[in-house]
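Novice: Handing you a structure now.
The values are calculated or read from the model by the stated rules, or taken from the named source; none is laboratory data. Since the structure is predicted, the reported quantities are computational estimates derived from the model, not experimental observations. Note: ideal-geometry Cβ built from the backbone for every residue, glycine included; neighbour counts use all protein chains shown.
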């Protein structure tokens, strides 16, 4: 078995590559970045075809993130990436394909306190639409017993440079002495998953040859106020916050992790408090 991480230089890809190399020391773990194989280019189909074998596990976390723009042009680029990947996979079957989709396919602004894998999809963003389309396209060209589609919520940890609304942005502003902007009272519920947990789960999925659709969740949601409280405790001082009125209706998202724990019953997720503490420490060390 050999493992190929497409997008191994990105935030999630780096952690995957490192953890996979440790977990599978007897197997070849390789990475492919846009500098090596540009999936926006037509020639990427032939380049990928040369490295795909029936013994290859392919992990796809390459995409243009929503934080870089959520418009039609970004959507088209993300679709182009998946089209070229699908074209390469069509005539070059692999041992296992693990695709990082997103919980955005359920709709970021849709109230739901029990989201599971059977919840109807209703993406509201170009990013969510591109992920859902990618799921269908990849499922068309990969054997049903060889494809795992993962739908994570917001993933946080060392290396997330998005500075988005949530752990990454809050930590960045706290460490640089800037005010954190909180929309509304910050009481809306979301799930935040620590990136090292994601990497450990992917290792288990390869080990068990998992196939199917899976929400990559612990089943525990937190508010943005919870993040602020945890950061205040970790940093030993009050985090400076500027509160702005909501521009949208308050929406809570809570996930069911029943399916995940049915496959991985012994898995232990990192708590938000512990994950934030680790991230603050690692980011501080990285800066210094």
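Novice: Condition first: crowded, with 20+ Cβ neighbours inside 10 Å and either in contact with a strand residue (DSSP E or B) (Cβ under 8 Å, 6 or more places away or on another chain) or within 19 Å of residue 208 (Cα to Cα) (or both). Now tell me which residues in segment 55-93 satisfy that.
Specialist: Selection gives 57, 58, 59, 60, 61, 62, 63, 85, 89.
Novice: Go through segment 28-54 and report how many residues are touching a strand residue (DSSP E or B) at 6+ places or on another chain (Cβ under 6 Å) and surrounded by fewer than 21 Cβ atoms within 10 Å (Cβ to Cβ).
Specialist: 3
Novice: Take segment 228-261 and flag every residue that is part of a strand (DSSP E or B), over 13 Å from residue 171 (Cα atoms) and either touching a helix residue (DSSP H, G or I) at 6+ places or on another chain (Cβ under 9 Å) or at pLDDT below 90 (or both).
Specialist: 253, 255
Novice: Among (1) surrounded by fewer than 22 Cβ atoms within 10 Å (Cβ to Cβ); (2) in contact (Cβ under 8 Å) with a residue 60 or more places away in the chain; (3) under 19 Å from residue 197 (Cα atoms), there is one condition residue 22 misses while meeting the rest; what is its number?
Specialist: The number of the failed condition is (2).
Novice: Select from segment 174-190 the residues that are without any contact (Cβ under 8 Å) to a residue 12 or more places away in the chain and crowded, with 19+ Cβ neighbours inside 10 Å and list them in ascending order.
Specialist: none
Novice: Having 2 or more residues that are over 30 Å from residue 22 (Cα atoms) and at pLDDT 95 or above is the bar; report the strands (runs of 3 or more DSSP E) wholly within segment 103-211 that clear it.
Specialist: Passing ranges, in order: 112-115.
Novice: I'm told residue 156 meets every condition in (1) surrounded by fewer than 22 Cβ atoms within 10 Å (Cβ to Cβ); (2) at negative phi; (3) in contact with a strand residue (DSSP E or B) (Cβ under 6 Å, 6 or more places away or on another chain) except one. Can you identify the failing condition by its number?
Specialist: Failed condition: (1).
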